[in-house]
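Below is one structure, written out as structure tokens; comments come after it.
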Amino acid sequence: MAAIARPIHARLKREAGAESVFRWATFCSAMLVLALLAGVMISLIWGSWPALKTFGFDFLTTEVWNPVTEKFGALAPIYGTVVTSIIAMLIAIPIAFGIAVFLTETCPRWLRTPIGIAIELLAAIPSIVFGIWGLFILAPILQQHVQPWLIEHLGPWPIIGALFQGAPYGIGLLTAGIVLAIMVLPFITAVMREVFLVTPTAIKEAAYGVGATQWEVVWDVVLPWSRTGVIGGIMLGLGRALGETMAVTFVVGNAHRINSSLIAPGTTIAASIANEFAEAVGSLYTSSLMALGLILFVITFIVIACARLLLLRLEAGGNRRQV
Amino acid sequence: MTPVLRRRRWFSTVALGISMLATALGLAVLAWILGTLIFEGFKGWSWTTFTEMTPAPLSEGGLLNAIFGSFVMTGIGIGLGAPIGMLAGTYLAEYGRRSKLTPVIRFINDVLLSAPSIVVGLFVYEIVVTRMGTYSAIAGALALSIIALPVIVRTTEDMLRLVPVSLREGSAALGAQPWRTITSVIYPAARSGLVTSVLLAVARISGETAPLLFTALNNQFWNSDLTRPMANLPTVIYNYAGSPYENWQVLAWAGALMITLFVLVLSILARSTAALFGGGQRGGH
């Protein structure tokens, strides 16, 4: 009896040992995710400390960005980031809505999957490809055909005219906004489509029953029902647009200036870092770029966190997907 | 038919027609981008593109050292990110099922999934590059592994959750410890799901440029020393596309086509392995 029991006992003991090692390893790996967030935050604060100490709150409200005199302010990149993201959202939201409506309502069933996959392929294309496409293909077209028209026809208008002043460079905030719109389109579409699909058929049928047209069902029943998810999807797209780097760096113009004109060159936070960091000399310059990174991380963290909180409710229904 | 009804119907038709146009526009842009990329990219594809080093301006050359560097750094990045990500995903799906920490970790992971990748570059610069005093391939690989981690954590958790509870119960009934159940029953059952998660992560990081710009930097020459700057396709594309030299621009397009084809093939592979595993379970981006 004892002769048999001993090996089994030893084996069980070994199993229990392995169990605690494995459990510990999975727990530590999971904690690493939290540590990563904390680490990013701390290292960014650490790195940007010299700049924050030197410029204080003025860093956020100064437009000057002069590596020679070592005067740095984040206002121009922040402005550019916000403006390009707004342009991107103004273009992407209606188109994404249109695609989502088409795919969930009017599209023949056999076409839904291929079109859905095609739109999602847009998300798989690396951002640098959008960058060189924007620089070599889109920007010349905008420069030769679209921007002269905007300057000539919208330029003289009161108020709106201020948005379309100056020479047509091709690159600039508007171009960056358009490229960003294409990039965030698949993300917003995917979420909208998902939430439109989970609208209960019964309430749609009820609306049809009282004589609503197909569009009225979409606009007055499906959209209000899925409002939370739609807003979540939009904010997720916004988070992407705010932090997108490579595509923007190619087409934004990289000028630390605030100009009311949308066709003027500008810069964004991410583009400034990508463009200048490797060449930055002097600790104050590097530190100022780190501070830009900190601002970007905080802004995108808030936007993405809000988006995820809104979408969490939908995911609770066992409908998690990767976007 | 009353005028009001006619107007409502007309409006409905027009609005849905516009939604169809929006779809056509989205598809047209995709076709435009891919079409240009294939057209411009193939112009730069030749035997020498794959067998020679990156050239000086206005001379002949290829992308060999950049292709090599990208493979090395993506490989190390996945080698670091995949095991840790899978273990973390295992915690979320198995051990931590009822832990109060799990929703928090999952939430933070989802936020990291969409966080700007350039910030990861800054983070690695701060903790590795300034400590080592030099840009290096290992710093680039570390940055890529940090980008890959949340992708793998999330997909692993999703895939493990698809494994039926009855398998866990059956294994437990035979007296297996949880770790044995996980490694001998659940992982094999979810094998193609786990493969999907790695494929998705490779697809995600192989096109990443921003985190490499000031971690791996670039190198015009062949380098296999991990502690020194290493050429990589995304950075070469970035530098060459922005240059005024025509031969560099041609190589930039050629490299962009290479990366895009690689990523698209991986995405399609990931999608089909996921479909194989989950029976219609979607594993897209």
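A few remarks follow.
- Residue match in region B:197-219 (condition: modelled with pLDDT under 90, more than 12 Å from chain A (Cβ to nearest Cβ) and closer than 30 Å to B:G61 by Cβ): yes
- Enumeration of residues in region A:236-255 that are modelled with pLDDT under 95 and open to solvent by 40 Å² or more (accessible area, probe 1.4 Å): A:R240, A:N254
Rundown of residues vs (1) at the interface with chain B (Cβ under 10 Å from one of its Cβ atoms); (2) farther than 30 Å from A:N259 by Cβ, yes/no style:
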| site | (1), (2) |
| --- | --- |
| A:P7 | no, yes |
| A:A30 | yes, yes |
| A:A38 | yes, yes |
| A:F72 | no, no |
| A:T81 | no, no |
| A:G98 | yes, yes |
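- Test: residue in region B:228-246 that is assigned to a helix (DSSP H, G or I), open to solvent by 10 Å² or more (accessible area, probe 1.4 Å), more than 10 Å from chain A (Cβ to nearest Cβ) and modelled with pLDDT of 90 or more: yes
- Within region B:3-20, the set of residues being more than 7 Å from every other protein chain (Cβ to nearest Cβ) and under 45 Å from the mean Cα position of the chain (by Cα) comprises B:W10, B:T13, B:V14, B:G17.
- The set of residues from region B:157-190 being basic (K, R) and either under 18 Å from A:E19 (Cα atoms) or surrounded by 18 or more Cβ atoms within 10 Å (Cβ to Cβ) (or both) comprises B:R168, B:R180.
- Residue within region B:116-130 that is within 8 Å of chain A (Cβ to nearest Cβ), in contact (Cβ under 8 Å) with a residue 40 or more places away in the chain and farther than 21 Å from A:I304 by Cα present: yes
- Selection count, region B:59-84, where residues are open to solvent by 70 Å² or more (accessible area, probe 1.4 Å) and either more than 16 Å from B:P229 (Cα to Cα) or not hydrophobic (A, V, I, L, M, F, W, C) (or both): 2
- Subset tally (residues that are over 14 Å from B:T183 (Cβ atoms) and facing chain B (nearest Cβ under 8 Å)) for region A:18-27: 1
- When A:L289, A:L294 are checked against the criterion of being closer than 30 Å to A:L75 by Cα, open to solvent by 10 Å² or more (accessible area, probe 1.4 Å) and either among the hydrophobic types (A, V, I, L, M, F, W, C) or at pLDDT 90 or above (or both), A:L294 stands alone in meeting it.
- Looking across region B:157-174, the residues that are more than 9 Å from chain A (Cβ to nearest Cβ), over 20 Å from the mean Cα position of the chain (by Cα) and in a helix (DSSP H, G or I) come down to B:L160, B:V165, B:S166, B:L167, B:R168, B:E169, B:G170, B:S171, B:A172, B:A173.
- Test: residue in region B:139-156 that is part of a helix (DSSP H, G or I), surrounded by fewer than 18 Cβ atoms within 10 Å (Cβ to Cβ) and more than 10 Å from every other protein chain (Cβ to nearest Cβ): no
- On the stretch given as region B:24-58, residues that are among the polar types (S, T, N, Q) and open to solvent by 50 Å² or more (accessible area, probe 1.4 Å) total 2.
- Looking across region A:241-274, the residues that are more than 9 Å from chain B (Cβ to nearest Cβ) and of a type outside the set (A, V, I, L, M, F, W, C) come down to A:G253, A:N254, A:H256, A:R257, A:N259, A:S260, A:S261, A:P265, A:G266, A:T267, A:T268, A:S272.
- The set of residues from region A:100-154 being polar (S, T, N, Q), surrounded by 18 or more Cβ atoms within 10 Å (Cβ to Cβ) and within 11 Å of chain B (Cβ to nearest Cβ) comprises A:T104, A:S127.
- Single residue of region A:184-214 satisfying the filter (not in a helix (DSSP H, G or I) and not β-branched (V, I, T)) that is surrounded by the most Cβ atoms within 10 Å (Cβ to Cβ): A:A212
- Only one of A:A176, A:A181 that is buried (at least 18 other Cβ atoms within 10 Å of the Cβ), under 23 Å from B:E208 (Cα atoms), in contact with a helix residue (DSSP H, G or I) (Cβ under 6 Å, 6 or more places away or on another chain) and away from every other protein chain (no Cβ under 14 Å): A:A176
The values are calculated or read from the model by the stated rules, or taken from the named source; none is laboratory data. Note that the structure is predicted; figures quoted are calculated from it, not measured. Cβ coordinates were reconstructed from backbone atoms using ideal geometry, including for glycine residues, and neighbour counts include every protein chain displayed. Just the protein is used for accessible areas: all its heavy atoms, side chains included, with ligands, DNA and RNA removed. Shrake-Rupley method; radii C 1.70, N 1.55, O 1.52, S 1.80 Å.
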